[in-house]
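This report refers to the structure that appears directly beneath it.
The values are calculated or read from the model by the stated rules, or taken from the named source; none is laboratory data. Worth saying up front: this structure is predicted, and the values here are computed from it rather than measured. Neighbour counts are summed over all protein chains in view; Cβ atoms, including those assigned to glycine, are modelled from backbone coordinates with ideal geometry.
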Amino acid sequence: MTTTDGMNRHNGRAWTMLLLASAFEIGYALSVAGSKAFTVLGWSVSAVVFFLLTLYALSVALRTIDVGIGYAVWAGIGSVGAAALGSVLLDQPLTMTQTFWLGVIIAGVVWLKLADSAKGQLNEGHVLG
């Protein structure tokens, strides 16, 4: 394995942890909503567990991914996921306008990932194109 392969694999693991942290963030947000201000025990316990899991996975991801990029992706995926699943699971309204702007957030997350990949290629000496 070359150094470049090791860096790509390490970066891939970091992005996997970031996606996992985002999924935990969605679970956390939905659990907090379901806890009714921490008055429902099951949802409250779930919220605490998801909170700890999201912080752990995010901290692991941020060892490799720049904090600004990682936090923006984590928050973006968490926001979109919570809005979409909140609509389905918690009967929270989701308008077409909100759906459009959530799509803009997803586009931004994709572009941040592409920019991070391009930065990695530049750091490795590859030519983009």
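What the table below lists for this structure:
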| quantity | calculated |
| --- | --- |
| Conditions (1) in a loop (DSSP other than H, G, I, E, B); (2) surrounded by fewer than 18 Cβ atoms within 10 Å (Cβ to Cβ); number of the one not met by G103 | (1) |
| Residues of region 93-105 satisfying the condition of being in contact with a helix residue (DSSP H, G or I) (Cβ under 6 Å, 6 or more places away or on another chain) and under 20 Å from Y71 (Cβ atoms) | L102, I105 |
| G81, sole failed condition from (1) touching a residue at least 12 places away in the same chain (Cβ under 8 Å); (2) exposed (fewer than 13 other Cβ atoms within 10 Å of the Cβ) | (2) |
| Residue tally, condition within 13 Å of the chain's Cα centre (by Cα) and among the polar types (S, T, N, Q), over region 17-45 | 1 |
| Set V73, V110: member being farther than 22 Å from F51 by Cβ and out of contact with any strand residue (DSSP E or B) (no Cβ under 9 Å at 6 or more places or on another chain) | V110 |
| Counted residues, region 1-42 - those being in a helix (DSSP H, G or I), at pLDDT below 95 and of a type in the set (S, T, Y) | 2 |
| Where V48 falls short, out of the listed (1) over 17 Å from the mean Cα position of the chain (by Cα); (2) assigned to a helix (DSSP H, G or I); (3) loosely packed, with under 14 Cβ neighbours inside 10 Å | (3) |
| Output for region 14-45, where each listed residue is hydroxyl-bearing (S, T, Y) and either over 18 Å from V80 (Cα atoms) or surrounded by fewer than 18 Cβ atoms within 10 Å (Cβ to Cβ) (or both) | T16, S35, T39, S44 |
| Conditions (1) buried (at least 17 other Cβ atoms within 10 Å of the Cβ); (2) part of a helix (DSSP H, G or I); (3) modelled with pLDDT under 95: number failed by A72 | (1) |
